[in-house]
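The values are calculated or read from the model by the stated rules, or taken from the named source; none is laboratory data. Remember, predicted model here, so these are calculated numbers, not experimental data. A quick note on method: Cβ atoms are made from the backbone with ideal geometry, for glycine too, and the neighbour counts reach across all protein chains shown. We work out accessible area using only protein heavy atoms, side chains counted, and drop any ligands, DNA or RNA first. Shrake-Rupley method; radii C 1.70, N 1.55, O 1.52, S 1.80 Å.
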Amino acid sequence: MRTFRVGGAVRDALLGQPVNDTDWVVVGATPDAMIEAGYLPVGKDFPVFLHPQTREEYALARTERKSGRGYQGFTFHTSPDVTLEQDLARRDLTINAIAQAGDGALIDPYGGQQDLRAKVLRHVTDAFGEDPVRILRVARFAARFADFSVAPETLQLMRDMVHEGEADHLVPERVWQELARGLMEQRPSRMFEVLRACDALARILPEVDRLWGVPQRAEYHPEVDTGVHNMMVLDMAARLQAPLAVRFACLTHDLGKGTTPQQMLPKHIGHEQRSADLLKKLCNRLRVPNECRELADVVAREHGNIHRSGEFGGAAIVRLLERCDALRKPQRFEQILLACECDARGRLGMEERPYPQRERLLQALAAARSVDTAVIAEQAREHGLQGDQIGARIHQARVHAVDGLSLRA
Ligand code: CTP
(Lines give C-alpha, C1' and ligand atoms only; values in the text may rest on other atoms or scores of the structure.)
Protein backbone atom coordinates (compact mmCIF):
# COMPACT_ATOMS: atom_id res chain seq x y z
CA MET A 1 0.00 0.00 0.00
CA ARG A 2 1.15 3.56 -0.78
CA THR A 3 0.08 6.85 0.79
CA PHE A 4 0.04 10.31 -0.76
CA ARG A 5 -0.61 13.75 0.66
CA VAL A 6 -3.52 15.25 -1.24
CA GLY A 7 -6.01 18.10 -1.49
CA GLY A 8 -5.80 21.39 0.39
CA ALA A 9 -2.50 20.56 2.11
CA VAL A 10 -0.64 20.18 -1.21
CA ARG A 11 -2.43 23.18 -2.74
CA ASP A 12 -1.71 25.51 0.17
CA ALA A 13 1.94 24.43 0.43
CA LEU A 14 2.40 25.16 -3.29
CA LEU A 15 0.80 28.57 -2.75
CA GLY A 16 3.21 29.20 0.11
CA GLN A 17 0.35 29.40 2.56
CA PRO A 18 0.15 27.76 6.00
CA VAL A 19 -1.16 24.19 5.95
CA ASN A 20 -3.75 23.32 8.58
CA ASP A 21 -5.02 19.78 8.00
CA THR A 22 -3.27 17.21 5.90
CA ASP A 23 -5.44 14.68 4.07
CA TRP A 24 -3.98 11.47 2.72
CA VAL A 25 -5.08 9.05 0.05
CA VAL A 26 -4.16 5.38 0.30
CA VAL A 27 -3.70 3.24 -2.82
CA GLY A 28 -3.57 -0.53 -2.90
CA ALA A 29 -5.14 -1.24 0.47
CA THR A 30 -8.34 -2.76 1.81
CA PRO A 31 -10.25 -1.65 4.93
CA ASP A 32 -9.08 -4.79 6.71
CA ALA A 33 -5.43 -4.06 5.87
CA MET A 34 -5.85 -0.54 7.25
CA ILE A 35 -7.35 -1.79 10.50
CA GLU A 36 -4.59 -4.39 10.77
CA ALA A 37 -2.00 -1.61 10.34
CA GLY A 38 -3.55 0.15 13.36
CA TYR A 39 -5.67 2.82 11.56
CA LEU A 40 -9.01 3.67 13.13
CA PRO A 41 -12.08 3.55 10.89
CA VAL A 42 -14.33 6.63 11.07
CA GLY A 43 -17.90 6.75 9.83
CA LYS A 44 -19.61 3.64 8.60
CA ASP A 45 -20.23 4.75 5.01
CA PHE A 46 -16.95 6.45 4.14
CA PRO A 47 -13.74 4.47 3.63
CA VAL A 48 -11.81 6.91 5.83
CA PHE A 49 -9.40 6.10 8.66
CA LEU A 50 -7.49 8.05 11.28
CA HIS A 51 -3.77 7.55 11.73
CA PRO A 52 -3.22 6.05 15.20
CA GLN A 53 -0.69 8.74 16.19
CA THR A 54 -1.14 11.85 14.04
CA ARG A 55 -4.96 11.50 13.83
CA GLU A 56 -4.76 12.73 10.23
CA GLU A 57 -7.34 11.43 7.77
CA TYR A 58 -6.43 8.62 5.41
CA ALA A 59 -9.00 7.82 2.72
CA LEU A 60 -8.85 4.75 0.52
CA ALA A 61 -8.55 5.66 -3.15
CA ARG A 62 -12.08 5.55 -4.44
CA THR A 63 -14.36 6.23 -7.30
CA GLU A 64 -17.81 7.60 -6.67
CA ARG A 65 -20.99 6.84 -8.44
CA LYS A 66 -24.08 8.84 -8.02
CA SER A 67 -27.16 6.98 -6.77
CA GLY A 68 -29.58 9.80 -6.02
CA ARG A 69 -30.02 13.52 -5.63
CA GLY A 70 -28.13 15.75 -3.25
CA TYR A 71 -25.26 15.34 -0.93
CA GLN A 72 -26.37 12.03 0.55
CA GLY A 73 -26.99 10.30 -2.73
CA PHE A 74 -23.62 8.57 -3.02
CA THR A 75 -22.31 5.08 -3.28
CA PHE A 76 -18.59 4.50 -3.00
CA HIS A 77 -16.40 2.08 -4.78
CA THR A 78 -13.07 1.33 -3.17
CA SER A 79 -10.77 -1.53 -3.98
CA PRO A 80 -7.01 -2.08 -4.01
CA ASP A 81 -7.00 -1.67 -7.79
CA VAL A 82 -8.44 1.88 -7.82
CA THR A 83 -5.50 3.99 -9.01
CA LEU A 84 -4.30 7.34 -7.73
CA GLU A 85 -5.27 8.92 -11.10
CA GLN A 86 -8.81 7.54 -10.78
CA ASP A 87 -9.10 8.94 -7.29
CA LEU A 88 -7.81 12.37 -8.35
CA ALA A 89 -10.17 12.38 -11.35
CA ARG A 90 -13.26 12.49 -9.16
CA ARG A 91 -12.08 15.40 -7.04
CA ASP A 92 -13.59 18.86 -7.38
CA LEU A 93 -10.93 21.23 -8.71
CA THR A 94 -7.62 20.70 -10.48
CA ILE A 95 -5.87 22.73 -7.75
CA ASN A 96 -7.27 20.24 -5.20
CA ALA A 97 -6.32 17.20 -7.29
CA ILE A 98 -2.54 17.26 -6.89
CA ALA A 99 -0.97 14.40 -4.91
CA GLN A 100 2.43 14.34 -3.27
CA ALA A 101 4.45 11.21 -2.56
CA GLY A 102 6.57 10.73 0.54
CA ASP A 103 9.71 11.80 -1.37
CA GLY A 104 8.06 15.12 -2.30
CA ALA A 105 7.32 14.19 -5.93
CA LEU A 106 4.10 15.73 -7.24
CA ILE A 107 1.55 13.67 -9.17
CA ASP A 108 -0.54 16.15 -11.09
CA PRO A 109 -2.33 14.48 -14.01
CA TYR A 110 -4.99 17.22 -14.39
CA GLY A 111 -2.81 20.36 -14.58
CA GLY A 112 -3.37 21.63 -11.04
CA GLN A 113 -0.01 23.40 -10.85
CA GLN A 114 -0.65 25.15 -14.14
CA ASP A 115 -4.04 26.33 -12.85
CA LEU A 116 -2.46 27.49 -9.60
CA ARG A 117 -0.05 29.61 -11.63
CA ALA A 118 -2.80 30.89 -13.91
CA LYS A 119 -5.05 31.43 -10.85
CA VAL A 120 -7.96 29.45 -12.22
CA LEU A 121 -10.60 27.41 -10.39
CA ARG A 122 -11.32 24.61 -12.88
CA HIS A 123 -13.19 21.35 -12.39
CA VAL A 124 -11.25 18.15 -12.96
CA THR A 125 -13.76 16.01 -14.85
CA ASP A 126 -17.53 15.74 -15.27
CA ALA A 127 -17.50 13.85 -11.95
CA PHE A 128 -17.67 17.37 -10.47
CA GLY A 129 -21.39 17.22 -11.24
CA GLU A 130 -21.93 14.33 -8.86
CA ASP A 131 -21.73 16.54 -5.78
CA PRO A 132 -23.73 19.81 -5.60
CA VAL A 133 -21.82 20.93 -2.48
CA ARG A 134 -19.03 21.68 -4.92
CA ILE A 135 -20.99 24.63 -6.28
CA LEU A 136 -20.68 26.16 -2.82
CA ARG A 137 -17.06 25.09 -2.50
CA VAL A 138 -16.04 26.81 -5.73
CA ALA A 139 -17.81 29.97 -4.56
CA ARG A 140 -16.05 29.74 -1.20
CA PHE A 141 -12.65 29.23 -2.84
CA ALA A 142 -13.32 32.32 -4.98
CA ALA A 143 -13.82 34.28 -1.75
CA ARG A 144 -10.59 32.89 -0.30
CA PHE A 145 -8.40 33.18 -3.39
CA ALA A 146 -9.75 36.55 -4.41
CA ASP A 147 -7.49 36.88 -7.45
CA PHE A 148 -8.54 33.50 -8.94
CA SER A 149 -11.19 33.31 -11.63
CA VAL A 150 -13.65 30.50 -12.26
CA ALA A 151 -12.98 28.76 -15.58
CA PRO A 152 -15.87 29.48 -18.00
CA GLU A 153 -16.48 25.76 -18.57
CA THR A 154 -16.67 25.18 -14.81
CA LEU A 155 -19.14 28.02 -14.39
CA GLN A 156 -21.21 26.56 -17.22
CA LEU A 157 -21.19 23.13 -15.59
CA MET A 158 -22.27 24.69 -12.29
CA ARG A 159 -25.06 26.54 -14.10
CA ASP A 160 -26.22 23.32 -15.75
CA MET A 161 -26.27 21.60 -12.37
CA VAL A 162 -28.37 24.40 -10.90
CA HIS A 163 -30.79 24.28 -13.82
CA GLU A 164 -31.13 20.53 -13.33
CA GLY A 165 -32.25 21.21 -9.76
CA GLU A 166 -29.10 20.07 -7.97
CA ALA A 167 -28.93 23.15 -5.74
CA ASP A 168 -32.45 22.44 -4.47
CA HIS A 169 -31.46 19.27 -2.68
CA LEU A 170 -28.57 20.47 -0.60
CA VAL A 171 -28.69 19.59 3.08
CA PRO A 172 -29.26 22.85 5.06
CA GLU A 173 -26.39 22.16 7.48
CA ARG A 174 -23.94 21.77 4.58
CA VAL A 175 -25.16 24.97 2.95
CA TRP A 176 -24.72 26.87 6.20
CA GLN A 177 -21.31 25.32 6.82
CA GLU A 178 -20.00 26.41 3.42
CA LEU A 179 -21.63 29.86 3.60
CA ALA A 180 -20.21 30.43 7.07
CA ARG A 181 -16.72 29.51 5.90
CA GLY A 182 -17.03 31.68 2.81
CA LEU A 183 -18.24 34.63 4.89
CA MET A 184 -15.03 34.37 6.92
CA GLU A 185 -12.77 34.55 3.87
CA GLN A 186 -10.94 37.71 2.80
CA ARG A 187 -13.39 38.72 0.02
CA PRO A 188 -16.80 37.27 0.94
CA SER A 189 -18.52 39.18 -1.88
CA ARG A 190 -16.90 36.87 -4.40
CA MET A 191 -18.73 33.87 -3.00
CA PHE A 192 -22.03 35.58 -3.74
CA GLU A 193 -20.87 36.81 -7.15
CA VAL A 194 -20.01 33.26 -8.18
CA LEU A 195 -23.24 31.83 -6.76
CA ARG A 196 -25.12 34.52 -8.64
CA ALA A 197 -23.22 33.93 -11.86
CA CYS A 198 -24.29 30.27 -11.92
CA ASP A 199 -27.87 31.06 -10.81
CA ALA A 200 -27.40 29.19 -7.52
CA LEU A 201 -27.96 32.25 -5.33
CA ALA A 202 -31.61 32.47 -6.35
CA ARG A 203 -32.07 28.85 -5.25
CA ILE A 204 -30.07 29.00 -2.01
CA LEU A 205 -30.62 32.57 -0.81
CA PRO A 206 -33.40 34.13 -2.94
CA GLU A 207 -33.81 36.89 -0.33
CA VAL A 208 -30.23 38.02 -1.01
CA ASP A 209 -30.36 37.44 -4.77
CA ARG A 210 -33.40 39.72 -5.05
CA LEU A 211 -31.41 42.75 -3.85
CA TRP A 212 -29.61 43.26 -7.16
CA GLY A 213 -31.43 45.69 -9.40
CA VAL A 214 -33.20 47.36 -6.47
CA PRO A 215 -32.36 51.09 -6.38
CA GLN A 216 -31.67 53.18 -3.27
CA ARG A 217 -31.55 56.96 -2.90
CA ALA A 218 -28.33 58.17 -4.51
CA GLU A 219 -27.73 60.91 -1.92
CA TYR A 220 -27.25 58.24 0.77
CA HIS A 221 -26.11 55.43 -1.49
CA PRO A 222 -23.97 56.63 -4.42
CA GLU A 223 -23.62 52.95 -5.48
CA VAL A 224 -27.46 52.96 -5.83
CA ASP A 225 -27.94 49.20 -6.36
CA THR A 226 -28.86 47.39 -3.12
CA GLY A 227 -27.09 44.18 -4.12
CA VAL A 228 -23.89 46.11 -4.80
CA HIS A 229 -24.22 47.90 -1.46
CA ASN A 230 -24.76 44.58 0.34
CA MET A 231 -21.54 43.20 -1.08
CA MET A 232 -19.62 46.35 -0.15
CA VAL A 233 -20.88 46.00 3.42
CA LEU A 234 -19.73 42.38 3.54
CA ASP A 235 -16.27 43.19 2.23
CA MET A 236 -16.03 46.02 4.76
CA ALA A 237 -16.84 43.46 7.48
CA ALA A 238 -13.96 41.32 6.21
CA ARG A 239 -11.68 44.36 6.09
CA LEU A 240 -12.55 45.19 9.71
CA GLN A 241 -11.98 41.52 10.62
CA ALA A 242 -15.50 41.12 11.96
CA PRO A 243 -16.52 37.77 13.47
CA LEU A 244 -18.99 35.47 11.71
CA ALA A 245 -22.13 36.73 13.47
CA VAL A 246 -21.34 40.30 12.40
CA ARG A 247 -20.70 39.22 8.80
CA PHE A 248 -23.96 37.31 8.69
CA ALA A 249 -25.78 40.34 10.11
CA CYS A 250 -24.19 42.45 7.36
CA LEU A 251 -25.39 40.00 4.71
CA THR A 252 -28.99 40.13 5.91
CA HIS A 253 -29.48 43.64 7.29
CA ASP A 254 -31.26 45.00 4.19
CA LEU A 255 -33.23 41.95 3.01
CA GLY A 256 -36.45 43.95 3.30
CA LYS A 257 -35.31 46.29 0.51
CA GLY A 258 -35.93 43.41 -1.87
CA THR A 259 -39.67 43.54 -1.16
CA THR A 260 -40.23 47.30 -1.15
CA PRO A 261 -43.31 48.01 -3.32
CA GLN A 262 -42.29 49.38 -6.72
CA GLN A 263 -44.15 52.69 -6.28
CA MET A 264 -42.19 53.50 -3.09
CA LEU A 265 -38.73 53.13 -4.66
CA PRO A 266 -36.05 54.36 -4.25
CA LYS A 267 -37.19 54.94 -0.64
CA HIS A 268 -37.41 51.89 1.58
CA ILE A 269 -39.76 52.92 4.34
CA GLY A 270 -40.33 50.06 6.79
CA HIS A 271 -37.68 47.81 5.31
CA GLU A 272 -36.24 47.05 8.75
CA GLN A 273 -39.24 45.01 9.89
CA ARG A 274 -39.51 43.31 6.50
CA SER A 275 -35.81 42.41 6.78
CA ALA A 276 -36.43 40.85 10.19
CA ASP A 277 -39.36 38.79 8.83
CA LEU A 278 -37.39 37.52 5.83
CA LEU A 279 -34.40 36.82 8.05
CA LYS A 280 -36.47 34.59 10.29
CA LYS A 281 -37.58 32.44 7.36
CA LEU A 282 -34.04 32.26 6.00
CA CYS A 283 -32.61 31.23 9.37
CA ASN A 284 -35.24 28.53 9.88
CA ARG A 285 -34.61 27.15 6.42
CA LEU A 286 -30.81 27.00 6.78
CA ARG A 287 -30.83 26.22 10.53
CA VAL A 288 -28.61 29.18 11.24
CA PRO A 289 -27.08 29.01 14.75
CA ASN A 290 -28.74 31.19 17.41
CA GLU A 291 -25.83 33.56 17.95
CA CYS A 292 -25.86 34.58 14.28
CA ARG A 293 -29.64 34.66 14.09
CA GLU A 294 -30.09 36.88 17.14
CA LEU A 295 -27.43 39.40 16.22
CA ALA A 296 -28.75 39.63 12.66
CA ASP A 297 -32.27 40.21 13.96
CA VAL A 298 -31.29 43.21 16.10
CA VAL A 299 -29.12 44.66 13.31
CA ALA A 300 -31.95 44.25 10.77
CA ARG A 301 -34.44 46.03 13.03
CA GLU A 302 -32.24 48.73 14.55
CA HIS A 303 -29.53 49.69 12.04
CA GLY A 304 -31.47 52.75 10.84
CA ASN A 305 -32.00 53.96 14.41
CA ILE A 306 -28.35 53.41 15.27
CA HIS A 307 -27.30 55.42 12.21
CA ARG A 308 -29.63 58.24 13.28
CA SER A 309 -28.75 58.04 16.99
CA GLY A 310 -26.67 61.23 16.77
CA GLU A 311 -29.98 63.11 16.71
CA PHE A 312 -31.40 61.28 19.73
CA GLY A 313 -31.79 62.67 23.24
CA GLY A 314 -31.11 60.59 26.36
CA ALA A 315 -34.56 59.01 26.50
CA ALA A 316 -34.45 57.79 22.89
CA ILE A 317 -30.91 56.51 23.36
CA VAL A 318 -31.82 54.51 26.45
CA ARG A 319 -34.85 53.06 24.67
CA LEU A 320 -32.55 52.07 21.79
CA LEU A 321 -30.09 50.46 24.23
CA GLU A 322 -32.95 48.58 25.86
CA ARG A 323 -34.33 47.34 22.54
CA CYS A 324 -30.83 46.07 21.67
CA ASP A 325 -30.60 44.39 25.10
CA ALA A 326 -27.31 46.27 25.38
CA LEU A 327 -27.44 46.66 29.16
CA ARG A 328 -27.43 42.89 29.65
CA LYS A 329 -25.27 42.04 26.64
CA PRO A 330 -22.71 44.84 26.21
CA GLN A 331 -20.31 42.73 24.17
CA ARG A 332 -23.01 41.78 21.71
CA PHE A 333 -23.89 45.47 21.45
CA GLU A 334 -20.34 46.16 20.30
CA GLN A 335 -20.89 43.62 17.54
CA ILE A 336 -24.17 45.30 16.59
CA LEU A 337 -22.32 48.60 16.30
CA LEU A 338 -19.58 47.03 14.21
CA ALA A 339 -22.19 45.68 11.76
CA CYS A 340 -23.71 49.18 11.57
CA GLU A 341 -20.31 50.71 10.93
CA CYS A 342 -19.79 48.24 8.07
CA ASP A 343 -23.19 49.24 6.70
CA ALA A 344 -22.37 52.96 6.84
CA ARG A 345 -18.90 52.54 5.33
CA GLY A 346 -20.02 49.95 2.77
CA ARG A 347 -21.12 52.74 0.44
CA LEU A 348 -19.38 54.07 -2.60
CA GLY A 349 -16.90 56.78 -1.68
CA MET A 350 -17.72 56.57 2.05
CA GLU A 351 -15.36 53.74 2.94
CA GLU A 352 -13.01 55.94 4.95
CA ARG A 353 -15.64 57.99 6.73
CA PRO A 354 -15.64 57.88 10.52
CA TYR A 355 -18.62 56.35 12.30
CA PRO A 356 -18.99 58.46 15.46
CA GLN A 357 -22.30 56.77 16.38
CA ARG A 358 -20.29 53.83 17.63
CA GLU A 359 -18.22 55.70 20.24
CA ARG A 360 -21.16 57.85 21.28
CA LEU A 361 -23.42 54.87 21.93
CA LEU A 362 -20.68 53.01 23.76
CA GLN A 363 -20.26 56.03 26.04
CA ALA A 364 -24.01 56.16 26.54
CA LEU A 365 -24.05 52.47 27.39
CA ALA A 366 -21.25 52.90 29.92
CA ALA A 367 -23.18 55.76 31.54
CA ALA A 368 -26.44 53.78 31.61
CA ARG A 369 -24.68 50.77 33.08
CA SER A 370 -23.04 52.86 35.78
CA VAL A 371 -26.44 53.49 37.33
CA ASP A 372 -26.65 51.55 40.58
CA THR A 373 -29.95 49.75 40.06
CA ALA A 374 -29.93 48.15 43.51
CA VAL A 375 -29.81 51.52 45.27
CA ILE A 376 -32.54 52.99 43.05
CA ALA A 377 -34.75 49.94 43.56
CA GLU A 378 -34.26 50.17 47.31
CA GLN A 379 -35.17 53.87 47.36
CA ALA A 380 -38.20 53.22 45.16
CA ARG A 381 -39.40 50.47 47.50
CA GLU A 382 -39.02 52.85 50.47
CA HIS A 383 -41.39 55.19 48.63
CA GLY A 384 -43.89 52.34 48.32
CA LEU A 385 -43.26 51.64 44.60
CA GLN A 386 -43.17 48.16 43.10
CA GLY A 387 -42.77 46.13 39.88
CA ASP A 388 -43.00 48.26 36.76
CA GLN A 389 -42.81 51.45 38.79
CA ILE A 390 -39.36 50.46 40.02
CA GLY A 391 -38.37 49.63 36.45
CA ALA A 392 -39.51 53.10 35.37
CA ARG A 393 -37.36 54.72 38.07
CA ILE A 394 -34.32 52.78 36.89
CA HIS A 395 -35.06 53.78 33.31
CA GLN A 396 -35.32 57.44 34.36
CA ALA A 397 -32.00 57.26 36.20
CA ARG A 398 -30.36 55.83 33.08
CA VAL A 399 -31.85 58.58 30.92
CA HIS A 400 -30.53 61.12 33.40
CA ALA A 401 -27.05 59.57 33.29
CA VAL A 402 -27.02 59.57 29.48
CA ASP A 403 -28.37 63.15 29.29
CA GLY A 404 -25.48 64.18 31.52
CA LEU A 405 -23.06 63.23 28.78
CA SER A 406 -24.35 65.85 26.31
CA LEU A 407 -24.08 63.40 23.46
CA ARG A 408 -26.06 65.20 20.82
CA ALA A 409 -24.26 65.51 17.52
N1 CTP B 1 -13.09 17.15 -2.15
C2 CTP B 1 -13.85 17.08 -3.29
N3 CTP B 1 -15.18 17.38 -3.26
C4 CTP B 1 -15.77 17.76 -2.09
C5 CTP B 1 -15.01 17.84 -0.92
C6 CTP B 1 -13.67 17.55 -0.97
O7 CTP B 1 -13.33 16.75 -4.35
N8 CTP B 1 -17.07 18.05 -2.07
C9 CTP B 1 -11.68 16.75 -2.20
C10 CTP B 1 -10.75 17.83 -2.74
O11 CTP B 1 -9.69 17.17 -3.39
C12 CTP B 1 -10.26 18.49 -1.49
C13 CTP B 1 -10.12 17.33 -0.55
O14 CTP B 1 -11.20 16.46 -0.90
O15 CTP B 1 -9.06 19.17 -1.68
C16 CTP B 1 -10.17 17.66 0.93
O17 CTP B 1 -11.37 18.31 1.21
P18 CTP B 1 -11.52 19.38 2.36
O19 CTP B 1 -10.63 19.05 3.51
O20 CTP B 1 -12.97 19.56 2.61
O21 CTP B 1 -11.06 20.74 1.68
P22 CTP B 1 -9.66 21.32 1.27
O23 CTP B 1 -9.53 21.33 -0.20
O24 CTP B 1 -8.59 20.69 2.07
O25 CTP B 1 -9.82 22.85 1.61
P26 CTP B 1 -9.94 23.64 2.95
O27 CTP B 1 -8.67 24.39 3.01
O28 CTP B 1 -11.12 24.50 2.71
O29 CTP B 1 -10.16 22.66 4.05
(request) Against the globular-protein guess of 2.2 N^0.38 Å, express the Cα radius of gyration of region 259-378 as a ratio, rounded to two decimals. (result) 1.19
(request) Provide the per residue accessible area, probe 1.4 Å, for the chain, rounded to a whole number of square angstrom. (result) 46 Å²
(message) Among GLY310, GLY213, GLY391, which one shows the highest mean-square fluctuation when the chain is modelled as a Gaussian network with alpha-carbon springs under 10 Å?
(response) GLY391
(message) Rounded to the nearest 5, what % of DSSP beta bridges with both residues in the chain are antiparallel?
(response) 80 percent
(message) Pairs on different chains or at least eight residues apart, Cα atoms closer than 27 Å: how many lysine pairs in the chain fit?
(response) 8
(request) Pull out the extension gain between GLU85 and VAL224, defined as 0.36 nm times the separation in residues minus the alpha carbon to alpha carbon distance; nm, one decimal. (result) 45.1 nm
(request) Could I have the simple spin-label model distance between LEU385 and LEU15, label points 7 Å from Cα toward Cβ, reported in nm to one decimal? (result) 5.9 nm
(message) Rolling a 1.4 angstrom probe over the protein chains, ignoring ligands and nucleic acids, what is the accessible area of ARG91 in square angstrom, nearest 10?
(response) 40 Å²
(message) What are the equivalent ellipsoid semi-axes of region 75-185, built from the alpha-carbon gyration tensor (square roots of five times its eigenvalues), in whole angstrom, biggest first?
(response) 24, 18, 14
(request) Return the FRET efficiency for the residue pair ARG319, LEU348: r is the Cβ-Cβ distance, R0 is 30 Å, and the value is rounded to the nearest 0.05. (result) 0.40
(request) Taking each pair of different alpha-carbon atoms in the chain once, compute 1/r for the pair, average those values, and report the inverse of that mean as the Kirkwood hydrodynamic radius in Å to one decimal. (result) 24.2 Å
(message) Run the numbers for GLU64 and TRP212: contour at 0.36 nm per residue of separation, minus the present Cα-Cα distance, in nm.
(response) 49.5 nm
(message) At 1.4 Å probe size, put ASP277, ASP32, ASP235 in order of accessible surface, largest to smallest.
(response) ASP32, ASP277, ASP235
(request) Averaging sequence separations of C-alpha pairs under 8 Å and six or more residues apart, then dividing by the length of region 89-219, give the relative contact order as a whole percent. (result) 23 percent
(message) Can you give me the solvent accessible area of ASP103 with a 1.4 Å probe, rounded to the nearest 10 Å²?
(response) 130 Å²
(message) Please report the accessible area of LYS329 (heavy atoms, 1.4 Å probe, ligands and nucleic acids excluded) in Å², nearest 10.
(response) 70 Å²
(message) Can you show me the helix-derived [θ] at 222 nm for the chain, built from DSSP H runs with n ≥ 4 at -39,500 (n - 2.57) apiece and divided by the number of residues, rounded to the nearest 500.
(response) -15000 deg cm²/dmol
(request) Over the chain, calculate the relative contact order: mean separation of alpha carbon pairs under 8 Å at least 6 apart, over the residue count, as a percent. (result) 10 percent
(request) Between SER370 and LEU40, take the C-beta separation as r, use R0 = 35 Å, and let me know the FRET efficiency to the nearest 0.05. (result) 0.05
(message) Below 8 Å between Cα atoms, with a sequence gap of 6+, how large is the relative contact order for region 136-282 in percent?
(response) 22 percent
(message) Tell me the carbon and sulfur percent of the accessible area for region 273-409, rounded to whole percent, probe radius 1.4 Å.
(response) 48 percent
